[in-house]
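One structure is given below, encoded as structure tokens.
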Amino acid sequence: MVEVMTNITRAQSGEEQSTRRLWLVRHGLTEWNTQQRFCGHSDIPLSAQGRAQALWLAQRLKEETISAICTSDLVRARETAEIIAHQRTSAVPMRVSAAWREIDFGDWEGLTYVEIVERFKDQLGFFVDPEHYSPPNGESLAHLQQRVKTGLAAIVHSQALSTDGDVVIVGHGGSLRILLCSILGILLQRQWQLRLDPGSLSAIDLLPAREPSVLNAILALLNVQCPTRAEHPMRSPVSKGEGMM
């Protein structure tokens, strides 16, 4: 877990009123996550542990001033968002969008890394060069980045960021890492260095910008999780795709 510069952005030389936070939530665990299967666009619900993680996230965000919750339309993210919303004392609008979906793994959906290596020996370029290779019959990283940018633009230019309160985005390992890279100017090839476990909370603070088209942002939280969590079952030295399941 990393907490970076948490006190700088909220009260910095009179800019507090213009600062907005994006809370980034990776959905809770699913059975496929536990089995190390690539979920992608497959609509897999939360497991019991995933629902417990979502409840912890809801409690962690309960006292925060939230103006909107934006979520992927896939059920594992939507369930997480609904649990967060239901724990709030006052209603918060929830916006469901396919822009925040995980990358589509195509023919790899539902398979483990070992099964993929066995069945697709000559089609493994995505694991070493994801910017130039895609999963067979799956989605390109460039397409994922474009729809994430579209989703972010919809939030930045909406009423949600012109009123008091922060915005929660409930997404997936892949979509949230690409979002962080896009906002912070990190090369896509370095996305694997951003660890986002299921049921984790991260945050970006958007600062006042001199040019409306340019985002000025600081990473405030990364991969914060329930202190009593069990060690995540997906840790594997062989699969870079694990964080996108």
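The values are calculated or read from the model by the stated rules, or taken from the named source; none is laboratory data. All values reported here derive from a predicted model rather than from experimental measurement. Note that we place each Cβ from the backbone using ideal geometry, even for glycine, and neighbour counts take in every protein chain shown. Heads up: the accessible areas ignore ligands, DNA and RNA and are worked out on the full protein's heavy atoms, side chains in. Shrake-Rupley method; radii C 1.70, N 1.55, O 1.52, S 1.80 Å.
Listing for the model above:
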{"read-out": "Fully extended contour minus Cα-Cα distance, from K121 to S182, at 0.36 nm per residue", "value": "18.8 nm"}
{"read-out": "HN-Hα J in Hz across region 81-89 - Karplus 6.51, -1.76, 1.60, θ = phi - 60°, x for Gly and Pro", "value": "5, 5, 5, 4, 5, 5, 8, 7, 6"}
{"read-out": "Environment charge of A68, counting only residues whose C-beta is closer than 9 Å and scoring Lys/Arg +1, Asp/Glu -1", "value": "0"}
{"read-out": "1.4 Å probe accessible area per residue over region 90-175, in Å²", "value": "47"}
{"read-out": "Sulfur and carbon atoms: percent of accessible area, region 17-63 [1.4 Å]", "value": "46"}
{"read-out": "Protection-proxy order for peptides 114-125, 26-37, 84-95, 139-150, each taking the mean of Cβ atoms within 10 Å per residue, highest first", "value": "26-37, 139-150, 84-95, 114-125"}
{"read-out": "Peptides ranked, highest mean first, by Cβ atoms within 10 Å: ranges 171-180, 48-57", "value": "171-180, 48-57"}
